[in-house]
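Okay, so here's the structure we're looking at.
The values are calculated or read from the model by the stated rules, or taken from the named source; none is laboratory data. None of these values were measured; they are calculated from a predicted model. All Cβ positions, even for glycine, are placed from backbone atoms using ideal geometry, and neighbour counts span all protein chains on display.
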Amino acid sequence: MTGVLNVPLPLLQRLFLDLFGLGVVSFRLVALVPGILTLLLMYPLLRAFVGRDAAVLASCLLAVNPSTSTTRASPGATRSRGKARNG
C-alpha cells in the first residue's frame, strides 16, 4: 500500500525537472509547493473553526516547525560528506 502513495513523487520531480532544468531547485520545489499550499489552506480553515489569532499562531508554528522544513540539510548529510573527503 505504501508504494502506491510514493508514485506521484517521481512524476512531480520529472515535471519540475522539465520546467526548471536539472538542479537542486527543481527537486526542492517538489516539497516546497505542497508546503506553501498547506499553509495557504490551513489559515482560512482554522480561522473558521478557532478564530483569527489561533489560526495565525498555528500557521506560524507550522511554517517554522523543523520537522516540516525542507530547506535545511540534515546533520548526517554534512557529516557524511566530510568523512568522504577525509577518506
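Candidates in segment 50-80 are the residues that are over 27 Å from residue 15 (Cβ atoms) and under 13 Å from the mean Cα position of the chain (by Cα); of these, the one that is modelled with the highest pLDDT is 64. Applying a threshold of 6 Å to beta carbon distances and a minimum spacing of six or more residues, or different chains, the list of pairs starting in segment 14-32 at a residue that is more than 21 Å from residue 65 (Cβ to Cβ) and exposed (fewer than 14 other Cβ atoms within 10 Å of the Cβ) and ending at one that is at pLDDT 80 or above and small (Gly, Ala, Ser) reads 20/26. Checked against (1) charged (D, E, K, R); (2) modelled with pLDDT under 85; (3) surrounded by 11 or more Cβ atoms within 10 Å (Cβ to Cβ), residue 47 passes all but a single condition, namely (2).
For residue 38, the stated conditions do not hold, so it cannot be described as on the phi < 0 side of the Ramachandran plot and modelled with pLDDT under 75.
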